[in-house]
Structure formats: C-alpha cells, structure tokens
Amino acid sequence: MTEKYFNVGKVVNTHGIKGEVKVVKITDFEERFKPGSILYWVSPNGDITEELEVSSYRTHKNFHMLRFKGYDSINDVERFKGGTLKVTEEQLTPLAEGEYYYYEIIGSTVVTDEGEELGVIKEVLAPGANDVWVVERKKGKDLLIPYIDDVVRTVDIHNKKVTIQPMEGLLD
C-alpha cells in the first residue's frame with residue numbers, strides 16, 4: 001500500500017550558505033516546522049521522496065525558514081528548490097468539530113439549501129479572518145464562498161457535499 005502524503009509547504013528558494021531553505025506555508029499548523037519534526041520532501045515531478053528532520057525554524061518576511069538535520073550547506077539543499085514538503089496521514093492532527101483539512105473540502109459539490117447545484121470546490125484560500133472556498137461552476141466565473149456560519153450550513157465530508165445558504169449578492 002502506498003503512503004498518503006499531505007502538503008504543508010513549498011520550497012521556493014535557498015537562503016544564505018548554511019543550508020537554510022525558504023518555504024511558503026500550505027498549512028494552518030505552525031508546529032509542522034518545529035525542530036525535530038519529520039517532513040517529506042517530494043521533487044517537483046513527484047519521482048523522488050526524501051525524509052527530512054527539521055533542525056531549525058524561524059519566520060522572515062512572510063516566509064518560513066527551515067534547516068534540516070545533516071544538510072548544512074547551500075550545496076546540500078539547492079536541489080530542494082521547487083519541491084513540496086509533506087506529512088503522512090499518520091501525522092495529521094485530529095481537528096475540532098467544524099474544522100476540516102483542505103483535502104477533505106476540495107472536490108466537494110456545493111448545493112444551495114434549496115437543492116440547486118452550484119459547482120465543485122477546487123481551492124481553499126486563507127486570506128484572513130475566515131477561509132474562502134473557490135467553487136468552479138459549469139458555466140461562468142468561479143464562485144467565492146466565505147466559510148462562515150451564516151453561509152455554510154452543512155459539510156458532509158464523507159459524501160463530499162456542502163450545503164450553503166447564499167447571502168444576498170453571492171450568486172450574482
């Protein structure tokens with residue numbers, strides 16, 4: 001059986017000469033990057049996976065700066081650029097009720113409380129106070145659904161179905 005991996009960051013560049021990499025975070029869990037954490041680097045084309053242990057972590061200008069145990073020079077980490085950092089399914093943290101991992105939401109069909117099918121969630125954005133779910137419609141522009149109680153009524157992750165009560169102007 002192949003292991004399931006989940007994205008937590010993308011290596012966008014190296015930083016300095018001592019093996020630090022610049023990462024764009026794709027997770028709400030900062031603890032994924034704490035020293036001692038195990039991450040899996042996957043090459044851009046997906047053919048190589050390598051286990052890495054975080055040895056240091058800091059933030060710098062909206063980036064997450066990581067170093068890995070045993071990778072102490074820019075020459076050791078140069079090849080990580082463009083790759084993705086992932087965790088295994090076993091490393092996922094249990095969530096509170098009403099919280100979901102992106103992979104559980106993406107691909108869900110969105111319907112109104114009156115049964116009208118609106119489209120499928122293709123992306124989750126986290127711009128600020130609440131997430132925004134991007135719904136790809138069969139025709140027309142994508143629909144942006146704010147993940148707030150007034151709009152999102154039910155989320156059925158097992159059947160990949162989300163029911164919403166559209167607020168005024170949402171479907172225009």
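If you check V155 against the conditions, is it closer than 29 Å to Y40 by Cβ and part of a strand (DSSP E or B)? Walk me through it before giving the result.
Working: closer than 29 Å to Y40 by Cβ: yes; part of a strand (DSSP E or B): yes.
Taking the combined requirement at face value, the residue satisfies it.
Among the residues of the range 18-36 satisfying the criterion of being crowded, with 17+ Cβ neighbours inside 10 Å and at pLDDT 90 or above, which is nearest to V87 (Cα to Cα)?
F33
Criterion first (touching a residue at least 24 places away in the same chain (Cβ under 8 Å), in contact with a helix residue (DSSP H, G or I) (Cβ under 6 Å, 6 or more places away or on another chain), at negative phi and surrounded by 12 or more Cβ atoms within 10 Å (Cβ to Cβ)) does Y40 satisfy it? Reasoning before the result, please.
Working: touching a residue at least 24 places away in the same chain (Cβ under 8 Å): yes; in contact with a helix residue (DSSP H, G or I) (Cβ under 6 Å, 6 or more places away or on another chain): no; at negative phi: yes; surrounded by 12 or more Cβ atoms within 10 Å (Cβ to Cβ): yes.
Taking the combined requirement at face value, the residue does not satisfy it.
Yes or no: R32 under 30 Å from V162 (Cα atoms) and touching a Lys or Arg at 6+ places or on another chain (Cβ under 9 Å)? Quick ask: steps written out before the conclusion?
Details: under 30 Å from V162 (Cα atoms): yes; touching a Lys or Arg at 6+ places or on another chain (Cβ under 9 Å): yes.
Spelling it out, R32 is indeed under 30 Å from V162 (Cα atoms) and touching a Lys or Arg at 6+ places or on another chain (Cβ under 9 Å).
Residue-by-condition table, conditions (1) closer than 12 Å to T109 by Cβ; (2) exposed (fewer than 10 other Cβ atoms within 10 Å of the Cβ):
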residue	(1), (2)
D142	no, no
I148	no, no
N159	yes, yes
T163	yes, no
D172	no, yes
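The values are calculated or read from the model by the stated rules, or taken from the named source; none is laboratory data. Everything numeric in this text was worked out from a predicted model, so none of it was measured. Cβ atoms come from the backbone with ideal geometry, glycine included; neighbour counts cover every protein chain shown.
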